[in-house]
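Report on the following structure.
The values are calculated or read from the model by the stated rules, or taken from the named source; none is laboratory data. What you see is a predicted model, and the numbers here were worked out from it, not measured in a lab. Reconstructed Cβ throughout: ideal geometry from the backbone, glycine too, with neighbour counts over all protein chains shown.
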Amino acid sequence: MRITVTIEEPNEAFRADLLDLLAKHAAVVELDTEWTMERAHRFYQAVPQRAQRLLREAAVRDGFVSDETLREDLDGKNLRGHAGPLKRALERGVREGWWPEGMQPPLAPRGPGFGKVKGYQMPEELVSTFFAAITNPPRAGVGTTAP
């Protein structure tokens with residue numbers, strides 16, 4: 001038997017009770033950590049415009065967006081501040097109950113090591129999901145609510 005539970009906007013007491021119940025049966029509980037179109041859309045809406053551009057560019061460019069592409073609108077400035085909002089949105093989604101802990105970050109910086117970023121890479125298996133979520137967002141009232 002497979003049971004899937006989706007609870008929109010649970011209050012903190014309910015969430016704590018449910019997590020306690022799940023902890024008792026942790027050996028047989030499997031969290032759904034897959035990016036769905038709805039989750040990708042909610043994530044996209046939860047980040048600021050700069051981070052939205054980063055996600056959009058990666059999705060439409062088959063998963064990779066170069067530092068040159070991102071700097072086009074920055075007059076050659078550095079890329080500081082692009083990845084931080086992505087991490088915070090992922091953490092916020094866990095706190096808000098939008099997705100479980102353990103979700104794969106949708107983008108990772110690429111470069112020669114610590115220091116200057118040469119671009120951002122979206123895992124291949126996420127490109128089509130994020131592309132669909134960004135270019136064909138769900139209609140209002142169909143499966144998602146505003147973050």
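For the stretch 29-46, the condition holds for at least one residue, the condition being that it is free of Cβ contacts under 8 Å to residues at least 24 places away in the same chain, farther than 23 Å from Arg88 by Cβ and out of contact with any Ser or Thr (no Cβ under 7 Å at 6 or more places or on another chain).
Residues checked against (1) among the small types (Gly, Ala, Ser); (2) closer than 19 Å to Glu8 by Cα; (3) touching a Pro at 6+ places or on another chain (Cβ under 8 Å):
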{"position": "Leu55", "(1), (2), (3)": "no, no, yes"}
{"position": "Ala83", "(1), (2), (3)": "yes, no, yes"}
{"position": "Phe114", "(1), (2), (3)": "no, no, no"}
{"position": "Thr129", "(1), (2), (3)": "no, no, no"}
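Considering the stretch 116-127, and only residues there that are free of Cβ contacts under 8 Å to residues at least 60 places away in the same chain and out of contact with any Pro (no Cβ under 6 Å at 6 or more places or on another chain), the residue that is farthest from Thr33 (Cα to Cα) turns out to be Lys116. Filtered by the rule that a residue be among the acidic types (Asp, Glu) and surrounded by 15 or more Cβ atoms within 10 Å (Cβ to Cβ), the stretch 15-72 gives Glu38, Glu57, Asp67.
Would you call Val142 in contact with a strand residue (DSSP E or B) (Cβ under 7 Å, 6 or more places away or on another chain), at pLDDT below 90 and not in a helix (DSSP H, G or I)? Criteria not met by Val142.
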